[in-house]
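Working notes, structure below.
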Amino acid sequence: MKSYLRGLGAAVTAVAVLTAGAAQADKIRIAGNFAVDHSSSLAMEVFKDELAKLTNGGLTADLFPAMQLGGAKENVDQVRSGTVFATWIGIAYLSRTVPELEAVSLPFVFANREQAFRVMDSSVGDLLNEKLGKKGYTALGYMELGSRNATNNVRPLKTLEDFKGLKIRLQPNETHLATFRAIGANPVSMGIKEVYSAMQQGVLDGQENPFSIIATKRFDEVQKYLSDSGHFFDFIILVANKRKFEKMSAANQDAVRKATAKAIAWQRAKAAEEDVASVKELQKRGMQFDPLSDATRAALKKATSGVVGELKKKIGSDVIDAVLAEAAK
């Protein structure tokens, strides 16, 4: 009997130890708007695996891509309130809270992704991270959303005049909206969830997005004309609730940052591949692709040149001047 009791006691002790170990394991919830097969969502799987590896399972992540926890606005609010730990979203959705983010949304500033990331990974990123921190967010890193290109269902976009009068959906970013007003279009701010049906019903003439988003959202089913306007280069930010992040142990904070760095490096490489593949896939699906001429691109840049001055009036010149100086290097 005594041996039985000793065995039972040992078993209870073992269960207690296991239960205590399970209780010590922390879990963070991270929401996203991008499709499950988008490079950013796949990168977050890299983050999840790396985080568990770095902490020996002591800190794990539950991921909720594809608007499972609501749209971008809801996700931003959830992070700010601490309902979820973090979100990965296009930075435009934080620009109303931190308008200085619009400084990296200036039209025709970035000629390519290498230049865009050189700017974002410089002191410019540090400035923006500081602005985010003051609003209760911790910026963990920036992935590629990509060069944004206009589509429509009315006519090919070959000249500045071709943009005039088109009702085009844009993100809720005032610099983006001002840019399209400057070229004579009628921009409409709308959540991504409604865009497909709005174009299908003719409420919108078109929209603008990176090639990969146009492909994964199947916008080719309701849009005929595709351009390579490249009017903005856009970023995806992984942003956390500052209070929750700072309450973590130093070891867990370090693990989160290291896992983020690995995921971002993976995503940026993948996004570059997707960009090339997506434009080919969209043409294969039947979209008419009309690359812009250098003359048209110059005309668009000239027409939108006043946007920089207007934004300086709104947010000051410090971040904008830093962006322009770094881009010019």
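The values are calculated or read from the model by the stated rules, or taken from the named source; none is laboratory data. Bear in mind that the values here come from a model prediction, so they are computed numbers and not experimental data. Positions of Cβ are backbone-derived with ideal geometry, glycine not excepted, and every protein chain shown enters the neighbour counts.
General observations
- Count of residues meeting criterion [touching a residue at least 12 places away in the same chain (Cβ under 8 Å) and in a helix (DSSP H, G or I)] in the stretch 238-253: 7
- Tally of residues being in contact (Cβ under 8 Å) with a residue 12 or more places away in the chain, touching a helix residue (DSSP H, G or I) at 6+ places or on another chain (Cβ under 9 Å) and not polar (S, T, N, Q) across the stretch 291-315: 11
- Flag for S229 being among the hydroxyl-bearing types (S, T, Y), surrounded by 15 or more Cβ atoms within 10 Å (Cβ to Cβ) and not in a helix (DSSP H, G or I): yes
- Beta carbons closer than 6 Å, at least 6 apart along the sequence or on distinct chains, pair a first residue in the stretch 215-233 that is more than 16 Å from S147 (Cβ to Cβ) with a second that is among the hydrophobic types (A, V, I, L, M, F, W, C) and at pLDDT 95 or above for D220/L282; D220/M287; V222/M199.
- Odd one out for Q201 among (1) in contact with a helix residue (DSSP H, G or I) (Cβ under 8 Å, 6 or more places away or on another chain); (2) closer than 27 Å to E74 by Cβ; (3) at pLDDT 95 or above; (4) surrounded by fewer than 24 Cβ atoms within 10 Å (Cβ to Cβ): (1)
- Positions within the stretch 210-227 being hydrophobic (A, V, I, L, M, F, W, C) and either over 12 Å from R285 (Cα atoms) or over 15 Å from the mean Cα position of the chain (by Cα) (or both), in sequence order: F211, I213, A215, F219, V222, L226
- Among the residues of the stretch 135-165, those identified as among the polar types (S, T, N, Q) and either farther than 21 Å from Y93 by Cβ or over 18 Å from the mean Cα position of the chain (by Cα) (or both) are T151, N152, N153, T159.
- Selection status of A263, under 30 Å from N129 (Cα atoms), touching a residue at least 40 places away in the same chain (Cβ under 8 Å) and either part of a loop (DSSP other than H, G, I, E, B) or not hydroxyl-bearing (S, T, Y) (or both): yes
- Checked against (1) more than 24 Å from S278 (Cβ to Cβ); (2) under 26 Å from the mean Cα position of the chain (by Cα); (3) part of a helix (DSSP H, G or I), E194 passes all but condition (1).
- Test: residue in the stretch 210-220 that is buried (at least 20 other Cβ atoms within 10 Å of the Cβ), touching a Gly at 6+ places or on another chain (Cβ under 7 Å) and of a type in the set (G, A, S): yes
- Hits in the stretch 303-328 - residues which are under 19 Å from A116 (Cα atoms) and either among the acidic types (D, E) or modelled with pLDDT under 95 (or both): D318, D321, E326
- Candidate set: the stretch 164-187, residues that are touching a residue at least 60 places away in the same chain (Cβ under 8 Å) and not small (G, A, S); chosen: the one surrounded by the fewest Cβ atoms within 10 Å (Cβ to Cβ): P172
Let's see how each residue does on (1) modelled with pLDDT under 95; (2) within 13 Å of the chain's Cα centre (by Cα):
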position: V17; (1), (2): yes, no
position: A22; (1), (2): yes, no
position: K27; (1), (2): no, no
position: G32; (1), (2): no, yes
position: H38; (1), (2): yes, yes
position: S41; (1), (2): no, yes
position: N56; (1), (2): no, no
position: L63; (1), (2): no, no
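- Members of the stretch 269-297 found to be of a type in the set (G, A, S), in a helix (DSSP H, G or I) and out of contact with any Phe, Trp or Tyr (no Cβ under 9 Å at 6 or more places or on another chain), listed by number: A269, A271, A272, A295
- Odd one out for G90 among (1) of a type in the set (G, A, S); (2) farther than 19 Å from Y137 by Cβ; (3) surrounded by 19 or more Cβ atoms within 10 Å (Cβ to Cβ): (2)
- Matching helices (runs of 4 or more DSSP H) fully within the stretch 51-143 where at least 2 residues are within 21 Å of R29 (Cα to Cα): 72-81, 123-134
- Enumeration of residues in the stretch 43-61 that are surrounded by fewer than 18 Cβ atoms within 10 Å (Cβ to Cβ) and closer than 27 Å to P210 by Cβ: E45, D49
- Residues being of a type in the set (A, V, I, L, M, F, W, C) and either touching a Cys at 6+ places or on another chain (Cβ under 9 Å) or under 29 Å from V308 (Cα atoms) (or both) - total across the stretch 58-108: 13
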